[in-house]
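The values are calculated or read from the model by the stated rules, or taken from the named source; none is laboratory data. Here the structure is a predicted model, which is why all the values come from computation and not from measurement. Glycine also receives a Cβ, built like all others from the backbone with ideal geometry; neighbour counts cover every protein chain displayed. Calculation scope for accessible area: heavy atoms of the full protein, side chains included, ligands and nucleic acids excluded. Shrake-Rupley method; radii C 1.70, N 1.55, O 1.52, S 1.80 Å.
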Amino acid sequence: MNQRARHALIWVWMLSVLVFIYLPALCIFLASLTKSRYFLFPIRRWGLVWWRKTFASIEVHQLFQTSISIALLVMVIAVVIGFFGALAFARYNWKGRTLYQRLVLLPIFFPQSVLGLALLLWFNAMGLPLSWKTAVFAHLVWIIPVATLVISIQVYSFDPALEEAAFDLGASRLQVFREVTLPVLLPGIISGCLFSFLLSWGNFPLSLYTDGADTTIPEYLYAKMVAGYTPGVPVLGTVSTVTAAVLLLGGYWIYAIRRKARQQ
């Protein structure tokens, strides 16, 4: 096989994979553009009527407020705890470190439905009313280990000699942390923020068990798919997909700018 044929096969394979991954998202977007009550293909009546109805709904506004509040709070708490946990996880060698690593990563391996049920039973035993606040705690149990692991990848590549050189030049511990440690670990922190927000935003099993009457967007979409389907479902699905894509591209853009600035 010559070089040209090999490149052609690579391009065909790459395009096939991209179509396989993104075709469902495209179908969801097309389903949101119908004027009909139910999705029929081919679409006979095109329009944005369901986009207007969806974003004019007070219920949808409340869903976005609840989901964004949970995701933002989970992101901040998970990244702060995960940052310092990653330093202890990957930076320092101390007695009990191996046990600590295993305990931190253990919740990742639990099925989320089982973890959500266990947390629900625990909340009931403690007499805690279910709300978006208990959902935040449930999300943190599963997402903090993910954020810790993501940030620790950057910590493993961090050279402690950079901090030692700053100390030798007379910098204080706070200056070293602000001027050396944080900038070097910033790509890992941004990645941890993206993972934490998106995993919380799209989480269904933990929210279903622990948020009580405070419904999130994934729960709403599931309920509408089971009963009472409207084209507002693909509208919200499209918005969620585009939001995730924008956040990921934004994180990559920030990383590319920082990398270019360091090279200059």
Over the chain, the sum of -39500 (n - 2.57) across DSSP H runs of at least four, divided by residue number and rounded to 500 deg cm²/dmol, gives at 222 nm -25000 deg cm²/dmol
Between segment 115-158 and segment 226-242, what's the alpha-carbon centroid distance in Å? 27
Global form of the chain, assessed from the alpha-carbon gyration tensor, a/c cut-off 1.5: oblate
With every protein chain left in place, what is the accessible area of residue 75 in Å² (1.4 Å probe, nearest 10)? 40
Förster radius 41 Å - calculated FRET efficiency between residue 229 and residue 4 (Cβ-Cβ, nearest 0.05): 0.25
Under a Cβ-Cβ cut-off of 14 Å, what is the net charge of the residues other than residue 61 that fall near it, where Lys and Arg count +1 and Asp and Glu count -1? 0
So for segment 153-264, considering every pair of alpha-carbon atoms, how many percent are separated by more than 25 Å? 47
0 to 90° range, to nearest 10: angle between helix 132-156 axis and the chain longest Cα axis: 50
Against the longest principal axis of the chain, how steep is helix 217-226, in degrees 0 to 90 to the nearest 10, with axes from Cα atoms? 30
Solvent-accessible area, 1.4 Å probe, carbon plus sulfur percent, for the chain: 70
For labels at residue 249 and residue 114 in the simple 7 Å Cα→Cβ model, what's the distance in nm? 3.9
Given +1 on the Cβ of Lys and Arg, -1 on the Cβ of Asp and Glu, and no further charges, what dipole in debye does the chain carry about its Cα centre, rounded to the nearest 20? 840
From the square roots a ≥ b ≥ c of the eigenvalues of the alpha-carbon gyration tensor of segment 20-72, which class results: rounded (a/c under 1.5), prolate (a/b over b/c), or oblate? oblate
Mind ordering 95-107, 143-155 by average Cβ neighbours within 10 Å, highest first? 143-155, 95-107
For the residue pair residue 64 and residue 157, what label-to-label distance in nm results when each label sits 7 Å from Cα along the Cα-to-beta-carbon direction? 3.6
With the other protein chains left in place, how much accessible area per residue, in square angstrom, belongs to segment 115-264 at a 1.4 angstrom probe? 53
Length added when fully stretched, residue 105-residue 53, from 0.36 nm per residue minus Cα-Cα: 14.4 nm
Let me know the shape class of segment 130-190, please: from the alpha-carbon gyration tensor, a ≥ b ≥ c as square roots of the eigenvalues, rounded when a/c is under 1.5, otherwise prolate if a/b is greater than b/c, or oblate. prolate
Against the longest principal axis of the chain, how steep is helix 3-31, in degrees 0 to 90 to the nearest 10, with axes from Cα atoms? 60
